[in-house]
Amino acid sequence: VWELIRRRARWVLWGGILGALAGCAYVFFGGKVYGVKAEVVVIRKTPSLPARAATATTDVENDVTSNLLSTHVEILRSPRIVHAGLRRHGLETLESIEKNRYSYESPADYVIRKMAVVRGGLESVDSTANTLRISFKHKSSADDSQAFVAAVVASYFDFVAATFLDVS
């Protein structure tokens, strides 16, 4: 193996140099990318919650919570929620969306493509935490990025309030 590396050292060296140059070119000419992060706490309401608050959770409860979080991830990333949030806050026609989205994409599709929703909080390494982390990256404006995330989260809250009734 070392003999092969020694014989091909010139090619390995040139590959490293070209890779470093490409990385530098990207840093200097790639433009700024603004990122916004938000967290949402998802709590499953149960009538017996105060009585059982100190008891350990079972595997069944963990599975239900996992399924609940997966459902809420899909709700947050759904075209219905994103489109409603953009429309309500007047963000569909922003120039920053128009110049960055593909011609076949709707504004909601662009936001969904740039938005990531994962389980677990920013400071949490526990994937079973009842939080969803929303991140969004956008090239044009930090203010627009923040407005997009705020609009989607507000639309999500409205949907949850209207759809999921208090079970206690």
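The values are calculated or read from the model by the stated rules, or taken from the named source; none is laboratory data. Fair warning: this is a prediction, and the values are worked out from it, not measured in the lab. Ideal geometry is used to build each Cβ from the backbone, glycine not excepted, and the neighbour counts take in all protein chains shown. Heads up: the accessible areas ignore ligands, DNA and RNA and are worked out on the full protein's heavy atoms, side chains in. Shrake-Rupley method; radii C 1.70, N 1.55, O 1.52, S 1.80 Å.
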Rounded to the nearest 0.05, what FRET efficiency do ALA142 and CYS24 have when you use their Cβ-Cβ distance and R0 = 35 Å? 0.90
In the neighbourhood of GLY30 defined by beta carbon distances under 15 Å, the net charge of the other residues (Lys, Arg +1; Asp, Glu -1) is +3
Placing each pseudo-label 7 Å from Cα in the direction of the beta carbon, VAL118 and ALA161 end up separated by a distance in nanometres of 3.0 nm
Label points 7 Å out from Cα along the Cβ direction at GLU74 and VAL12: separation in nm? 4.8 nm
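In what sequence, largest accessible area first, do ILE112, ILE134 appear using a 1.4 Å probe? Spell out each step's value before the answer.
On the way: ILE112 25, ILE134 0 Å².
Putting ILE112, ILE134 in descending order of accessible area: ILE112, ILE134.
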